[in-house]
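This report refers to the structure that appears directly beneath it.
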Amino acid sequence: LENLQPEIKGLAERLRYEVSVRGKQLGWSEKVARFHFKKNLRRVVTELYIRDNCHPFKATLLVWVQIPVWVCVSLALRNCSVGALGSEVQEQFSSGGALWFTDLTAPDSTWILPVCLGLVNLLIVEV
């Protein structure tokens, strides 16, 4: 999408000129000329998306897949940590930590893990 922006900008300027010339020939008002410009620009941009196979929806598709997966994993981890699967799993979580988080069932009071997770997710989105 970013690679198409210079081409779209050039086509938009050319189209704006063509619509203004055609509008003066046919006596269009500013509103009618703007309508024809927007309609034709949408058509041209859609043709570019089809030509290069880069529709904007494809960029958001991964997010719409990741959201349900994130919710399911979060619920599964919460159920494991509060003992929904039995006391044996909860005992393993309460004694299976490392470094400063020795009890995986207790909330992180230092906020190190939540902040690191947020920064990693931000990095993934930005990259």
Are there GluC sites (Glu not before Pro) in region 1-80 that DSSP puts in a loop and that have at most 14 other Cβ atoms within 10 Å, and which ones?
-> GLU2
Grab the beta carbon distance between HIS55 and ARG16, set R0 = 30 Å, and tell me the FRET efficiency rounded to 0.05.
-> 0.80
Where in the chain are the DSSP H helices whose alpha-carbon span along the long axis reaches 27 Å or more and whose Kyte-Doolittle mean is at least -0.5?
-> 56-81
Using 0.36 nm per residue of separation minus the Cα-Cα distance, give me the extension gain between GLU47 and ASN121 in nm, one decimal.
-> 23.3 nm
Where Rh denotes the Kirkwood radius from the mean inverse Cα pair distance, what is Rg over Rh for the chain?
-> 1.35
Using a 10 Å Cβ count of at most 15 others and DSSP loop calls, identify the longest part of the chain lacking such chymotrypsin sites (Phe, Trp or Tyr not before Pro).
-> 1-99
Could you tell me whether region 59-126 comes out rounded, prolate or oblate from its Cα gyration tensor? Rule is a ≥ b ≥ c as square roots of the eigenvalues, rounded for a/c under 1.5, then prolate if a/b exceeds b/c, otherwise oblate.
-> oblate
Over the alpha-carbon set of region 3-54, work out the extent along each principal axis and list the three values in angstrom, largest first.
-> 37, 15, 13
Accessible surface of the chain, 1.4 Å probe, proportion on carbon and sulfur as whole % | 65 percent
If one builds a Gaussian network model of the chain from Cα atoms under 10 Å apart, the most fluctuating residue listed among LEU77, LEU11, LEU26 is LEU26
In square angstrom, what is the accessible area per residue of the chain with a 1.4 angstrom probe?
-> 81 Å²
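The values are calculated or read from the model by the stated rules, or taken from the named source; none is laboratory data. For clarity, every value in this text was computed on a predicted model and none was experimentally measured. Here Cβ is always computed from backbone atoms with ideal geometry, including for glycine, and neighbour counts include all displayed protein chains. Only protein heavy atoms, including side chains, enter the accessible area calculation; ligands, DNA and RNA are left aside. Shrake-Rupley method; radii C 1.70, N 1.55, O 1.52, S 1.80 Å.
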